[in-house]
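K.L.:
A single structure is presented below for examination.
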Amino acid sequence: IDRMGDAKDQVREQAQNLIVKLMDKAAPPMYIWERLAAGFKHKNYRSREGVCLCLIATLNIYGSQPLVLSKLVPHLCTAFGDSNSQVRDAAILAIVEIYRHVGEKVRIDLTKRGIPPGR
């Protein structure tokens with residue numbers, strides 16, 4: 001998670017690639033995500049952004065089946081109010097990706113969490 005917040009783009013990309021490879025070779029995606037969820041609260045904004053981007057990559061590679069998205073959506077809702085605009089944008093992109101995979105269920109979940117429908 002710390003490497004996802006590195007100042008160099010290449011290091012951040014390699015950290016994300018390593019996490020995706022771990023999901024393929026070592027452990028199921030949700031097992032990895034149960035540990036990665038702490039990254040949504042990391043002190044470094046690049047790490048928080050990287051976790052959101054890693055979720056997008058996970059969804060694109062594995063789809064929504066191996067993930068319990070209801071455990072991850074609350075973290076993204078918190079990221080909507082992040083002090084850094086890059087983290088907010090990455091969280092919105094992650095929710096859009098979840099919506100592509102799940103559909104209206106995520107919109108209903110967001111409404112229950114107090115996110116305005118227009119957003």
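K.L.:
Heavy atoms of the protein only, probe of 1.4 Å, neighbouring chains included. What is the accessible area of D109 in Å², nearest 10?
P.N.:
Counting only protein heavy atoms, D109 exposes about 40 Å² to solvent.
K.L.:
Residue by residue through the range 54-60, which ³J(HN,Hα) values in whole Hz follow from phi under the Karplus form 6.51 cos²θ - 1.76 cosθ + 1.60 (θ = phi - 60°), with glycine and proline marked x?
P.N.:
Each residue of the range 54-60 in turn: 5, 5, 4, 4, 4, 5, 5 Hz.
K.L.:
Follow-up. Hey, can you find the accessible area per residue of the chain for me, probe 1.4 Å, expressed in square angstrom?
P.N.:
Working: 6900 Å² over 119 residues.
Ligands and nucleic acids excluded, the figure is 58 Å² per residue.
K.L.:
Report, to the nearest whole %, how much of the accessible area of the range 1-63 belongs to carbon and sulfur atoms, 1.4 Å probe, protein only.
P.N.:
51
K.L.:
In vacuum, with every alpha carbon of the chain counted as one equal point scatterer, what does the Debye formula give for log10 I(q)/I(0) at q = 0.10, 0.15, 0.16, 0.21 Å⁻¹? Two decimals, please.
P.N.:
Treating every Cα as an identical point scatterer, log10 I(q)/I(0) equals -0.27, -0.62, -0.71, -1.21.
K.L.:
May I pose another question? At a probe size of 1.4 Å, how large is the accessible area of K105, to the nearest 10 Å²?
P.N.:
Rounded to the nearest 10, the figure is 150 Å².
K.L.:
Counting pairs of Cα atoms in the range 74-113, how many percent are more than 12 Å apart?
P.N.:
56
The values are calculated or read from the model by the stated rules, or taken from the named source; none is laboratory data. Just so it is clear, the structure is predicted and the values come from calculations on it, not from any experiment. In case anyone asks, the SASA skips ligands and DNA or RNA and just uses the protein heavy atoms, side chains included. Shrake-Rupley method; radii C 1.70, N 1.55, O 1.52, S 1.80 Å.
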